[in-house]
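The values are calculated or read from the model by the stated rules, or taken from the named source; none is laboratory data. Given the structure is predicted, the values throughout are model-derived calculations rather than measurements. Neighbour counts are summed over all protein chains in view; Cβ atoms, including those assigned to glycine, are modelled from backbone coordinates with ideal geometry. Remember, those area values only see protein heavy atoms, side chains included, never the ligands or the DNA or RNA. Shrake-Rupley method; radii C 1.70, N 1.55, O 1.52, S 1.80 Å.
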Amino acid sequence: MSSNSFAYNEQSGGGEATELGQEATSTISPSGAFGLFSSDMKKNEDLKQMLESNKDSAKLDAMKRIVGMIAKGKNASELFPAVVKNVASKNIEIKKLVYVYLVRYAEEQQDLALLSISTFQRALKDPNQLIRASALRVLSSIRVPIIVPIMMLAIKEASADLSPYVRKNAAHAIQKLYSLDPEQKEMLIEIIEKLLKDKSTLVAGSVVMAFEEVCPDRIDLIHKNYRKLCNLLVDVEEWGQVVIIHMLTRYARTQFVSPWKEGDGLEDNEKDFYDSDEEQKEKADKRKRPYAMDPDHRLLIRNTKPLLQSRNAAVVMAVAQLYWHIAPKSEAGIISKSLVRLLRSNREVQYIVLQNIATMSIQRKGMFEPYLKSFYVRSTDPTMIKILKLEILTNLANEANISTLLREFQTYVKSQDKQFAAATIQTIGRCATSITEVSDTCLNGLVCLLSNRDEIVVAESVVVIKKLLQMQPIQHGEIIKHMAKLLDSITTKLLTQYILNLGKYDQNYDIRDRTRFIRQLIVPNEKSGALSKYAKKIFLAQKPAPVLESPFKDRDHFQLGTLSHTLNTKAAGYLELSNWPEVAPDPSVRNVEVIELAKEWTPAGKAKKENPDEKFYSESEEEEDSSESSSDSESASGSESGEDEEEDHSGDSGEDSGESGSESEAGKGRAAKHAKARGKGDSKDVDKEKENSKTSESSSGESSSIEESSSDSESESESESESESRKITKEKEKKAKQDRNPLTKDVSLLDLDDFNPVSSPVVLPTPALSPSLIADLEGLNLSATSSVISVSTPVFVPGKTHVLLHRMSGKGLAAHYFFPRQPCIFGDQMVSVQITLNNTTDQKIENIHIGGKKLPMGMQMHVFNPIESLEPAGSITVSVGIDFCDSTQTASFQLCTKDDCFSVNIQPPIGELLLPVAMSEKDFKKEQGMLSGMNETSTTIIAAPQNFASSVILQKVVNVANVGVVPSGQDNVHRFAAKTVHSGSLMLVTVELKEGSTAQLIINTEKTVIGSVLLRELKPVLSQG
């Protein structure tokens, strides 16, 4: 045992010397193993000293090296006590790496990990979402039953966290807790039910995986979330897509009728004689009634189709098995091209894909016949791939292509890969049995192979010929007799004796046993028993003919793409696909909440019936829109929009319903307050509501954008955004009702289609509101995002211009552009750009216009109207609108005249992609708290004290970025707020002055890329004098 351990340490010691980059000291013993062992211990001591250092840089370096050791598979468990001491470090980077280490070794070092459990519990309250999630991961990795209650409490809290990343880790922890203590199943199901309602794409895949592990039979939990999962599927991470698709495949097999049923034929007519009249009538109705696919069934098939183009082979395979198991046979053919594309991947992927194609090609040859050449064997293919391709070629063989395939097989037989050559001979035999037209040709070819020099080819040919002759003994009786006559009695005895002697010393014990058994039967001696008398009856008894069939024939009862299908045996955890139900279960379970909503609000539809054409944003019409969105398979998730609308209409119960588990508390409160406001409304306000419909519409754009900026995740579905937009629209509409005259008078000045909706809040400053309206608004207690945050006028407009086209390059036409920081009249998501054109020639320039545009994907541009002519030395300024999609990508286009075209570019500074926002300090801090963790970037600024005067900081910041100033109650803290033009995401900038000549610049935003770029631009500006 000791020698083995020394040998191990000798190997690991050498490896870690390279890893840690330390030279061996002169104290190492020359005796080899023991010296290296000592060196190894010394290196770990070095790391321990670094971890106990007072310097964060040394600790960080040590943790990086330790995590590097783990990544390379080296054992770092003995460092656990030294690492766990740093779990309470104030340095975020160190703390992250410590948690990475603890997740790896917490299960092995459970006793030491338990000593720090209070630290993990405190970390669950950390403002950084990464720390909260890591603490939960470590806590769930400690596999000790005594902390199950603590884990359960932590998972409950994390499942309601504002960060979708933390909620995702809560879903992962559910599976670990269930495997540790299955008795917690019921409580875990409650958490799963709550997380299934989460609208974040980051959480969807993880919670469905937890569902599959804990309660895969609870299909009722999926009903309400089915449509939402279908709509979110395209935006979910690839691992989550695979899990969700497999779960939805099982769900579809239990909730929808088979799309493969054809109209009953004559078989039923034969039985009609014995049926009663009622039974005959029912059958007649069934025959007359054509199959109509459930809209939810169609929704699943349609929403998974784009994923066939995924770069992930597992996702493509998951969609392929879904189409195979639940799609109509006429539509399943589209998966063949995608599966063939996967054959360009590595050999492991090819192996799995070819296995599934082999199963499919047995039942539906037509799917893969157009891609026959894709299954031709290549010399570089490994043996396992070659044999699978042979299997598929055999399944696809028919009278039309058999001649081509046989020529291929002739080449394969000559392969140096003996196993492959033997499999090819087996394939030729199968083709001979399945296609009678080539049976004789194949048999003659196999007979020719008997003269081959390769003994494996000859042996396999004999076996296949024997099987072919046994399968059709009558047709080939003459051949058998002829072959028998070729052997005389002497040759037969010698051959038999020779074979038995070979078998006697064979390496395979089974062959040795068979040889002894046969020798006693056909070569009797004194010791032979009575059994030898019946040798002829035993060997010449009538036997069933051998059957040459595909080894994949019986694999179709396993779900494609699963481990069970690959192994051809039921693996642990395999969930079988159920048979299609004869009658589809009630489809209303998937939109049950929408149905309840419709029943509850039926009386409110009277006003809509009286004037259905004049209503625009009335409550009853929105209710109808909600119902339509739930029933339409292309719309957003019905249950999802139903929950949103129900929160709007259900009064005080909106806060207690718990339907929206993944929303913030502010979102819940807002829904309840809207409901209260509507309860006070008067039906007579409908007329004024029609007059102000345009105002409501323009306000909705702003409010929707602001609402998106305060969300927890950037990857919310479109359906969620639409429902949120409708809620905010109704809130603005309510304000319009409460003070009709002033509002109508103000907004009528901007009641033009060309104006940007974000301009409207500028016309509604707080002092202009009447005292009664202020009181009503205070009573409503609306959230900050909808009532207080509004777009304001720019604080400063820099006059800097940029060269668009130089007069030398433009043959006398010069062009400059600048950003006026005004709302764009061409679209609310566009940035306004003013272009000044100058004619520097002595001749008139005609037909100045914008020609071809080369814009990145998603970017849009509204061009100016063509200019007929520009006089010599003349100048003209035009406006264009460009939707930069919240990025600094260049908008490339051609500026053309009558005779020439010039390629020009406009690249926006990051600060011009923003609109200034006005908000209170309280609302700023609230939004900043919601945008912490991964949404926060910061840096330290060093500058002279005179550069940190309030006026200097204000001038520098607004010169770089189009931001609004937020009032601050602290002299040393300056706050600025804006939102992105395209998506409406909040951009919060904080400059906090520290002692001496330093300051901290903090930017909070969902758009982390824009935030980082803005941070890099502001830092040098604030640092310089």
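Looking at residue 546, is it open to solvent by less than 70 Å² (accessible area, probe 1.4 Å) and either within 30 Å of residue 516 (Cβ to Cβ) or not in a loop (DSSP other than H, G, I, E, B) (or both)?
yes
Can you tell me which residue is most open to solvent (accessible area, probe 1.4 Å) among those in segment 54-113 that are within 23 Å of residue 147 (Cβ to Cβ) and β-branched (Val, Ile, Thr)?
Taking the candidates together, the pick is 100.
Residues checked against (1) surrounded by fewer than 24 Cβ atoms within 10 Å (Cβ to Cβ); (2) over 27 Å from the mean Cα position of the chain (by Cα):
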{"position": "963", "(1), (2)": "no, yes"}
{"position": "969", "(1), (2)": "yes, yes"}
{"position": "972", "(1), (2)": "yes, yes"}
{"position": "990", "(1), (2)": "yes, yes"}
{"position": "993", "(1), (2)": "yes, yes"}
{"position": "1009", "(1), (2)": "yes, no"}
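Look at segment 396-413 and say how many of its residues are polar (S, T, N, Q) and more than 22 Å from residue 552 (Cα to Cα).
Qualifying residue count for the region: 4.
State whether one or more residues within segment 124-133 are outside any helix (DSSP H, G or I) and farther than 16 Å from residue 166 by Cβ.
So far as segment 124-133 goes, no, none of its residues is outside any helix (DSSP H, G or I) and farther than 16 Å from residue 166 by Cβ.
Which condition breaks for residue 887 when tested against (1) in contact with a Lys or Arg (Cβ under 9 Å, 6 or more places away or on another chain); (2) outside any strand (DSSP E or B); (3) open to solvent by less than 50 Å² (accessible area, probe 1.4 Å)?
All conditions are met except number (1).
Scan the helices (runs of 4 or more DSSP H) fully inside segment 1-106 and keep the ones with 2 or more residues being within 20 Å of residue 126 (Cβ to Cβ) and at pLDDT 75 or above.
Qualifying helices (runs of 4 or more DSSP H): 56-71, 80-84, 92-105.
For every residue, the table says whether it meets (1) open to solvent by less than 40 Å² (accessible area, probe 1.4 Å); (2) in a strand (DSSP E or B); (3) of a type outside the set (Phe, Trp, Tyr).
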{"site": "797", "(1), (2), (3)": "no, no, yes"}
{"site": "803", "(1), (2), (3)": "no, yes, yes"}
{"site": "815", "(1), (2), (3)": "yes, yes, yes"}
{"site": "826", "(1), (2), (3)": "no, no, no"}
{"site": "842", "(1), (2), (3)": "no, no, yes"}
{"site": "856", "(1), (2), (3)": "yes, no, yes"}
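Being open to solvent by 50 Å² or more (accessible area, probe 1.4 Å) and in contact with a helix residue (DSSP H, G or I) (Cβ under 9 Å, 6 or more places away or on another chain) is the filter; apply it to segment 123-152 and report the residue that is nearest to residue 90 (Cα to Cα).
Going through the qualifying residues, I end up with 127.
Within the set of pairs 6 or more residues apart or between chains, which connect a residue that is of a type in the set (Lys, Arg) inside segment 339-351 to a residue that is open to solvent by less than 20 Å² (accessible area, probe 1.4 Å) with Cβ atoms less than 7 Å apart?
That search, which allows pairs on different chains as well, returns 347/385.
Given the condition out of contact with any His (no Cβ under 8 Å at 6 or more places or on another chain), modelled with pLDDT under 95, more than 22 Å from residue 304 (Cβ to Cβ) and assigned to a helix (DSSP H, G or I), answer yes or no: does some residue in segment 204-213 qualify?
Yes, because at least one residue in segment 204-213 is out of contact with any His (no Cβ under 8 Å at 6 or more places or on another chain), modelled with pLDDT under 95, more than 22 Å from residue 304 (Cβ to Cβ) and assigned to a helix (DSSP H, G or I).
Could you say which residue among 786, 790 is among the polar types (S, T, N, Q), surrounded by 13 or more Cβ atoms within 10 Å (Cβ to Cβ), at pLDDT below 85 and in contact with a Leu (Cβ under 8 Å, 6 or more places away or on another chain)?
On inspection, the qualifying residue turns out to be 790.
Among the residues of segment 560-588, count how many are open to solvent by 50 Å² or more (accessible area, probe 1.4 Å), in a helix (DSSP H, G or I) and in contact (Cβ under 8 Å) with a residue 12 or more places away in the chain.
1
Which of the residues spanning segment 408-463 are surrounded by 14 or more Cβ atoms within 10 Å (Cβ to Cβ), among the polar types (S, T, N, Q) and in a loop (DSSP other than H, G, I, E, B)?
415, 452
Please name all residue pairs, on different chains or six or more residues apart, with Cβ atoms under 8 Å, provided the first residue is in segment 505-522 and is among the hydroxyl-bearing types (Ser, Thr, Tyr) and the second residue is part of a helix (DSSP H, G or I).
Partner pairs satisfying both residue conditions: 505/512; 515/500; 515/503; 515/504.
Can you work out which of the residues in segment 828-840 that are assigned to a strand (DSSP E or B) and either within 22 Å of residue 913 (Cβ to Cβ) or in contact with a helix residue (DSSP H, G or I) (Cβ under 9 Å, 6 or more places away or on another chain) (or both) is most open to solvent (accessible area, probe 1.4 Å)?
Checked segment 828-840; the qualifying residue most open to solvent (accessible area, probe 1.4 Å) is 834.
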